[in-house]
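The structure's right below; bear with me while I get my questions together.
The values are calculated or read from the model by the stated rules, or taken from the named source; none is laboratory data. None of these values were measured; they are calculated from a predicted model. All Cβ positions, even for glycine, are placed from backbone atoms using ideal geometry, and neighbour counts span all protein chains on display. Only protein heavy atoms, including side chains, enter the accessible area calculation; ligands, DNA and RNA are left aside. Shrake-Rupley method; radii C 1.70, N 1.55, O 1.52, S 1.80 Å.
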Amino acid sequence: MMKRKALLACVLGVSVLFGLTACGAKQENQDTDGDDSAQAEEDTAEEAPADLDYTVSYDGIITAKIEAGVSVHDPSIIKADGKYYIFGSHMSTAVSEDLRTWTSIGDGYKVKDAIYYELMANDEAFAYAGSKNSVIPTDDRGWHVWAPDVIYNEATGLYYLYFCTSSTWNASNLCYATSENIDGPYEWQGALIYSGFTAETLDSTDVTEYVDRETAKDTYIKKSNEYNYNEYPNAIDPTVLYDEDGRLWMVYGSWSGGMYLLELDAETGEVIHPEADEENRVDTYFGKRLLGGNHSSIEGPYILYDEESGYYYLFVSYGSLTREGGYQIRVFRSETIDGDYVDMNGEYPLDTTNPEHNTYGLKLSGNYYLPSLEMAYMATGHNSAFIDDDGKKYIVNHTRFDNKTEEHEPRVHQFIVNEEGWPCMLPYATDGETVSGSGYEMADMAGRYYVINQGTAIDANIAEPFILYLEENGKVYGDGITGSWEYKDNTCYMNITYGDVSYSGVFCQMNDEAGTQVMTFSAVGNNESVWGVKY
């Protein structure tokens, strides 16, 4: 397992001692009596030069809007036959060859849907939840099939589609179907996990096959005969992965009792129910609680294992999924599949009676505006992630726009893991960019940047650019801002410090969304993401 903590400590140590000197500078020119360190502190405190232009102006910058071609909510990605497939809520599916433009291959609750037609014709798939005829009927009398995920089962040679049917905000059913082909049709195989049951509907579930009836009533159902949603999950948003040892797992959950993890039988794709372990938050029926609870805003869990860094990354979304709901992507990490998953401060949200749960988790993307965008991106959430055949790592999410509607489209961004092992999401949708393994020239890195800080808030505010200068001498200047930056020779790694926070990240030359080549950086610190774009 590769670890870079010692290397980062070395880099940060240089930053403290020679805070305003770029890593590429020769250290033999530094005095050894400590005077330079004192001078660095004095220089950092000086005001930004008045002759620099800190005005945010977009004159001359070309704008464009990517035409994704489809609307797929909650996109989960899988690569098959050399193409990229996204499966989303409301039975929407699309395919792409370039991760930017997509073609629909199914959409909506239609019996003729090429992916789902066998399920739509199968009453058993909606026996518990998800239709007007379910044991717990849908509120609007329609169908609800949300947030599917597809994985190729190496043991059976079949594609497994995990999905949920849902009737209310906590009455749901995790199910699965299989197909010989990635594009279906998928045949119903069975139900896996039930939630939202009461004493009257308990017998319509399989809960009592694993927990005796009285214990189930006392544990999962409140005295008011409501489902105990504060402590136990809403059974939606399943995603499935193999761990580093080849074991198969499913993570799921939304708001309610939080995110839960269950092992699956690699031969059948069905749930392996664990022994209860209260101390380690393991429930016999629902599995291990990883994050969340008390009906706080957390949903859409997705775990990606990165062999290069040695970490499992647990991506989740906070906020409400509407345009002004503050929807956003957060990430935690662990060295083992079952946690604990922690943020940059070594913490994770379990006591979610705390209203400040926004302080937990590295925020990768929220509402933001950058040069070249025709309008701000909003509610950039519910992501999946994957590592391509060439080793490039990607985040796939849906985004809404600052256009007063709930219109949404899929977007794909490359992310680079920094020296500390944290994902840094690149500012623009991917367009074939490749980060330089040998680094960049000083003239390419230094200069005038449009910078946004994603912060940690959960609200409708949009992160707007401000101007920062990264000077060749390692100084950083903005409007009332001073700081320092440095880079590591012959690599893409960089570090920028301002406002008493140090952000560790990467430089990457890439195209903006109008096709203009720009230098960018993406860096993270104190659970915040900072993006910079140089024109």
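Which residues, counting only those in segment 391-432, are free of Cβ contacts under 8 Å to residues at least 40 places away in the same chain and among the hydroxyl-bearing types (S, T, Y)?
The answer is T399, and nothing else.
A quick yes/no check of all residues on (1) at pLDDT below 95; (2) open to solvent by 10 Å² or more (accessible area, probe 1.4 Å); (3) outside any loop (DSSP other than H, G, I, E, B):
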site	(1), (2), (3)
K288	no, yes, yes
Y312	no, no, yes
T322	no, yes, no
N358	yes, yes, yes
A379	no, no, yes
I395	no, no, yes
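Within segment 248-267, take every residue that is touching a residue at least 60 places away in the same chain (Cβ under 8 Å) and open to solvent by 20 Å² or more (accessible area, probe 1.4 Å) and give me the one that is nearest to Y318 (Cα to Cα).
Among those residues, the one meeting the criterion is W255.
In segment 438-456, is there at least one residue being closer than 30 Å to E335 by Cα, at pLDDT 95 or above, of a type in the set (V, I, T) and buried (at least 17 other Cβ atoms within 10 Å of the Cβ)?
yes
Between I337, I272, I303, which is without any contact (Cβ under 8 Å) to a residue 12 or more places away in the chain and either β-branched (V, I, T) or surrounded by 24 or more Cβ atoms within 10 Å (Cβ to Cβ) (or both)? Steps first, please.
Details: I337 fails: without any contact (Cβ under 8 Å) to a residue 12 or more places away in the chain; I303 fails: without any contact (Cβ under 8 Å) to a residue 12 or more places away in the chain.
Residue meeting the stated conditions: I272.
Considering only residues that are open to solvent by 10 Å² or more (accessible area, probe 1.4 Å), of a type in the set (A, V, I, L, M, F, W, C) and assigned to a loop (DSSP other than H, G, I, E, B), look in segment 134-190 and name the one that is farthest from Y220 (Cα to Cα).
A155
Then there is this: If you take the residues of segment 211-234 that are part of a loop (DSSP other than H, G, I, E, B) and more than 19 Å from A129 (Cβ to Cβ), which of them is most open to solvent (accessible area, probe 1.4 Å)?
For segment 211-234, the residue satisfying everything is K223.
Residue-by-condition table, conditions (1) within 17 Å of V417 (Cβ to Cβ); (2) under 27 Å from the mean Cα position of the chain (by Cα); (3) outside any loop (DSSP other than H, G, I, E, B):
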{"residue": "S438", "(1), (2), (3)": "no, no, no"}
{"residue": "Y450", "(1), (2), (3)": "no, yes, yes"}
{"residue": "G505", "(1), (2), (3)": "yes, yes, yes"}
{"residue": "E513", "(1), (2), (3)": "no, yes, no"}
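Return the only residue of D237, D283 being within 18 Å of the chain's Cα centre (by Cα), open to solvent by less than 40 Å² (accessible area, probe 1.4 Å) and among the charged types (D, E, K, R).
Working: D283 fails: within 18 Å of the chain's Cα centre (by Cα).
When all the criteria are applied, what remains is D237.
If you scan segment 74-122, which residues turn out to be open to solvent by 20 Å² or more (accessible area, probe 1.4 Å), part of a strand (DSSP E or B) and in contact with a Gly (Cβ under 8 Å, 6 or more places away or on another chain)?
Once the filter is applied, which keeps residues that are open to solvent by 20 Å² or more (accessible area, probe 1.4 Å), part of a strand (DSSP E or B) and in contact with a Gly (Cβ under 8 Å, 6 or more places away or on another chain), segment 74-122 yields T103, S104.
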